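Below you'll find the structure, written out as structure tokens, and then a few comments.
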Amino acid sequence: MDIVCLDLEGVLIPEIWVALADRTGIAELRATTRDEPDYDKLMAFRLDVLKKNALGYREVDEAAKSIDPLPGAADFMAALRAQYQVIILSDTFYELAAPVMVKLNHPTLFCHRLDVGQSGEIDGYTLRMTDHKTKAVHALQALNFRVFAAGDSFNDTGMLGAANAGFFFMAPDNVIADFPDFPPVRGYDDLLAAFADAAKA
């Protein structure tokens, strides 16, 4: 009984905040968890940049709606879901991920919530729980599932370490160098093969 847990941004879709940076020309918004491992610090920085530039939920939502899955991601998800149960564990927000979830045929997603004010300003965010990716893996294992996982960034390493088999997918060199125990995988076919090999073990 196997379940696959995947990160979302960088694995199945482009980074939403990078899309916002591209739309607004604000380079500071290109920072992701590949650059800053402390998620609370990263989000505080992002929200400060939004406030300084008078940007609110509307602008972030428009960037999220402009995103399509990465090339091959939809076919990968279809192939994966034909063989395993799949859960996406992400540090994004339901409000931002909803449009692209439609394009991925509505996979199960565990993530967080944005706190949006009546005037459309983003006041903050509410974490579903701290370190939720790792805790989700442990909870699934407690239900007698083997868990295989893939992610691309620092905030995925707890999930990868807790999983029965964890892989970096298209992770940058600096992340791979800091966590050499997680095998790097560069394409969806290779990731499917890695999960298949793990399932045989």
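The values are calculated or read from the model by the stated rules, or taken from the named source; none is laboratory data. None of the values given here were measured: they were computed from a predicted structure. All Cβ positions, glycine included, derive from the backbone under ideal geometry; neighbour counts span all protein chains shown.
A few remarks follow.
- Pairing residues of the stretch 131-150 that are farther than 16 Å from L6 by Cβ with residues that are modelled with pLDDT of 95 or more and of a type outside the set (A, V, I, L, M), at Cβ distances under 7 Å and at least 6 apart in sequence or on separate chains, gives D131/G158.
- Criterion (among the acidic types (D, E), buried (at least 20 other Cβ atoms within 10 Å of the Cβ) and either under 23 Å from Y39 (Cβ atoms) or at pLDDT 95 or above (or both)) met by exactly one of D178, D190, D156: D156
- Selection of the stretch 17-69 for residues being touching a residue at least 24 places away in the same chain (Cβ under 8 Å) and of a type in the set (V, I, T) yields T24, I26, T32, T33, V60, I67.
- Options G161, G124: the member that is exposed (fewer than 15 other Cβ atoms within 10 Å of the Cβ), touching a residue at least 24 places away in the same chain (Cβ under 8 Å) and assigned to a strand (DSSP E or B): G124
- Candidates are the residues of the stretch 76-134 that are out of contact with any His (no Cβ under 8 Å at 6 or more places or on another chain) and of a type in the set (K, R); the one that is farthest from E36 (Cα to Cα) is R81.
- Pick from the stretch 1-51, criterion in a loop (DSSP other than H, G, I, E, B) and out of contact with any Leu (no Cβ under 9 Å at 6 or more places or on another chain), ranking: surrounded by the fewest Cβ atoms within 10 Å (Cβ to Cβ): G25
- Count - residues of the stretch 68-107 that are in a helix (DSSP H, G or I), at pLDDT 95 or above and within 16 Å of the chain's Cα centre (by Cα): 4
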